[in-house]
1. Got a sec to turn the phi values of segment B:36-43 into Karplus ³J(HN,Hα) couplings, 6.51 cos²θ - 1.76 cosθ + 1.60 with θ = phi - 60°, whole Hz, x for Gly and Pro?
2. Give me log10 I(q)/I(0) at q = 0.16, 0.19, 0.22 Å⁻¹ for segment A:249-363, Debye formula, one equal scatterer per alpha-carbon, no solvent.
3. Over the Cα atoms of segment A:206-305, how large are the radius of gyration and the largest Cα-Cα distance (Dmax), in Å?
4. Pull up all non-local amide H partners of A:K88: gap of 5 or more, or a different chain, and H-to-H distance under 5 Å with H placed in the peptide plane.
5. So which lysines pass the test for A:K266, namely a Cα distance under 27 Å, with those fewer than 8 places away in the same chain ruled out?
6. Compute the whole-percent fraction of alpha carbon pairs in segment A:32-102 spaced more than 20 Å apart.
7. Note the count of lysine pairs whose C-alpha atoms are less than 26 angstrom apart in segment B:7-105, limited to pairs 8 or more residues apart or on different chains.
8. Please compute the Cα-Cα pair-distance distribution of segment B:7-105 with 10 Å bins starting at 0, giving whole percents from short to long.
Amino acid sequence: MATSSTETVLQTPLANNHEGLGAKMVPFAGWKMPLDYGSILGESKAVRATAGLFDVSHMARFLFKGPHAAAELDAALGGSILDQPVGKARYTMILQDDGGIMDDLITYRTDNDEIFMVVNAANRHRDWEILTSRLHQTECCDLTEDGGGILAIQGPDSHKILAELSGGGSDFCPAFLDLAEIPSPWGDLFIARTGYTGEHGYEIFVTAEQIVPVWEKLLELGAAPVGLGSRDVLRLEACLALYGHEIHEKITPLDAGLRFAIKGWKTREFIGGDALRAMGDPTIELAGFTAEKRVPREGYAIFCDGEPVGEICSGVYSATLDRPIATGYIKKGVDGAFTVDFRGKQLPVKRSAMPFVAHNSRG
Amino acid sequence: MRPEDRSYLDSHEWAKLDGDIVTIGITDFAVEQLGELVYLDLPDVGRTLDKGEAFGEVESVKAVSDVNSPVAGEVVETNNGLPDDLDALQNDSLNGGWLIKVKVTGADALDGLKNAAAYEEVVASES
């Protein structure tokens, strides 16, 4: 069992590049990461208008190998892995026995007997312990500190920029969640049409030799560097869940409206499945809100017609909508005049459809 | 170094005495730490403030923060247009982006505050 929780602050191979670009570096999940390169709002707009480049090398990379890998992961995770096609990515979760969410993640079926996985940096060591305890006949590797990393290029120009870098044709990843290997001057790049912004985009899994030149070339080709601050704005605009906010141990995939992440849950055998099937309908629902000027932040109480009905999960200032947006769990079905307690002041908020900004990831 | 014509609080407010009126604002360092500003709340004229009392809130894309009064006294003026146009606060918080003016009593109103050199050490320790 690996309990290598370390007090050392980790940094990605791009730390010098970030400092050179004037990034504000902050501690995040044990890593020193760029919060922004000067403007959270400007970086968010660049992603929606052209293309942005993120260093997300703090995210944990696991590899599972062997003839039993798919079957064991199918039982260990909330989503079905056995029917995941080779060459496709899939969003799913680790659940606990009671159906609560331990983490959300993406599996990449790289071969019949090989599944690559990316999990949240903050949950890396816990996920590793859970998964290695649930998998008995599968080879498990934690690749997070192998010197490589993950770059995400997101936005309408991301395909064009990546094709230019590759120079090897532009027919890669025709559909959302497709995996591919594309040529580059630094060897083949393993890419996936995935992301955390709602835009058309790719995540690039780079080796230690590739990460710096590929980062520099993508910037040179016109992608704007984007930090974690903007990443949070973009993902909330797109209403993509963030662990510790919309999802956590006390929330089930049913509460969170994420049934697609546990496909086949009514009939499949997996950890947490029995509990989910035994539960009644959720008594809470995730709601979207917009506000006038002030940002409804995590933990602020939500009221409906003066009655407390829930709490804010996440709030940011939306660059795209030029107004504050937030999510929060409320008692299912309540309707009326919504207000939020902003540090002692009750101010109106408006219930909004979700996502706040339409997805282009499949386009 | 920041202007030596005024005093500073560890929580990044400044106070400049002129007769019995103290002009109060937040430092450029505070603004830089907050990032892009989205909201400012100022007190009503006539409100009496204790030394150290939170009199307003400034909110950015990243965070919301109380603004504390470096002095005790009565609010006699606020920078009226500022909440609706935060540019002056974002870019010129030491001058045009001032927040409130407070009428103080006694010559010791600024006692206990830091001078520019001492405040510089606070900034250095938080940078």
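Computed from the coordinates by the stated procedures, all read-outs in this text should not be read as laboratory data. In this text the structure is predicted, and so the values were computed from the model without any measurement. Cβ atoms come from the backbone with ideal geometry, glycine included; neighbour counts cover every protein chain shown.
1. Result, rounded to whole Hz: 6, 7, 10, 7, 9, 10, 10, x.
2. Treating every Cα as an identical point scatterer, log10 I(q)/I(0) equals -0.80, -0.99, -1.16.
3. 19.4, 58
4. Here A:R109, A:L179 satisfy the definition.
5. Hits, sequence-local ones excluded: A:K88, A:K250, A:K331, A:K332.
6. Roughly 54 percent, rounded to a whole number.
7. Summing the qualifying lysine pairs gives 5.
8. Taking all Cα pairs of segment B:7-105, the binned fractions are 17, 56, 25, 2 percent.
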